[in-house]
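What follows is one structure encoded as structure tokens, with my remarks underneath.
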Amino acid sequence: MLTIVAGCLGDLDPAVYDVEGITRQIVDQFRPPDRKVVISIESPYRPPEELKGTGEWLIVLRRNVNYARALYRYALLKGFAPYASHLNYPQPGVLDDEEEAERWLGIDSGKAIERAAAEHSWFGVDYGMTVGMDYGEKDAKEQGRPLRFIELGPEWEVKWLASTRIRPI
């Protein structure tokens, strides 16, 4: 099943669009059962190559990390147990995302955990799909996990900051 969720933060739950069946639901209608359902979160991490060496590169990296955190929070508040390898592996002292071999080591390690535990895969698409996200989509399809494409909307960062005491990086 392929679904798109739009406008995921704020007071109102987002609408969900089942692309294959052209049906419309509200998020509350597909809340997980009493047990936590593990989901993988896919979203952009590394900025585009053309920004490397510019001041814009760090700005986009920070935005991408905060965006992944907002997706994480959204999933937690909906009762899911999210996992996002791109928030785990590229931490200082773990793996260097700018080194291609280490980047793919992190991506493949994340996929191993997702294959063992994740029941759904969510893709934050406000900034489009990346090579890593495409790889995650292919892997999720091969594993038979349902895919959900989520748009938090244009004011996601303002709403996310207002909903938490944590400050962005």
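Within region 124-147, residues that are closer than 17 Å to His86 by Cα reach partners that are assigned to a loop (DSSP other than H, G, I, E, B) and at pLDDT 95 or above with beta carbons closer than 6 Å, at six or more positions or on different chains, in the pairs Gly124/Ser43; Tyr127/Pro44; Thr130/Pro44. Criterion first (within 14 Å of Leu71 (Cα to Cα) and surrounded by 14 or more Cβ atoms within 10 Å (Cβ to Cβ)) does Ile150 satisfy it? Taking the combined requirement at face value, the residue satisfies it.
Candidates Arg73, Arg46, Arg103: the one that is farther than 28 Å from Gly153 by Cβ, touching a residue at least 12 places away in the same chain (Cβ under 8 Å) and not hydroxyl-bearing (Ser, Thr, Tyr) is Arg103. For region 86-103, which residues satisfy the criterion of being over 15 Å from Leu61 (Cα atoms) and not hydrophobic (A, V, I, L, M, F, W, C)? Scanning region 86-103 gives Gly93, Glu99, Glu100, Glu102. The set of residues in region 148-165 being more than 24 Å from Pro47 (Cα to Cα) and of a type outside the set (S, T, N, Q) consists of Ala162, Arg165. Of the residues Val125, Val94, the single one that is hydrophobic (A, V, I, L, M, F, W, C) and surrounded by fewer than 14 Cβ atoms within 10 Å (Cβ to Cβ) is Val94. Selection of region 97-122 for residues being of a type in the set (D, E, K, R) and surrounded by 12 or more Cβ atoms within 10 Å (Cβ to Cβ) yields Asp97, Glu102, Arg103, Asp108, Lys111, Glu114, Arg115, Glu119. Scanning region 128-147 for residues that are loosely packed, with under 14 Cβ neighbours inside 10 Å, under 15 Å from Pro44 (Cα atoms) and either in contact with a Phe, Trp or Tyr (Cβ under 8 Å, 6 or more places away or on another chain) or small (Gly, Ala, Ser) (or both) yields one hit, Gly128.
Candidates are the residues of region 71-84 that are in contact with a strand residue (DSSP E or B) (Cβ under 8 Å, 6 or more places away or on another chain) and in a loop (DSSP other than H, G, I, E, B); the one that is surrounded by the fewest Cβ atoms within 10 Å (Cβ to Cβ) is Phe80. Are any of the residues in region 81-104 over 17 Å from Glu42 (Cβ atoms) and in contact with a Leu (Cβ under 8 Å, 6 or more places away or on another chain)? Looking through region 81-104, at least one residue is over 17 Å from Glu42 (Cβ atoms) and in contact with a Leu (Cβ under 8 Å, 6 or more places away or on another chain).
The values are calculated or read from the model by the stated rules, or taken from the named source; none is laboratory data. Note that this is a predicted model, so its numbers are computed, not measured. Backbone-built Cβ (ideal geometry, glycine too); neighbour counts: all protein chains shown.
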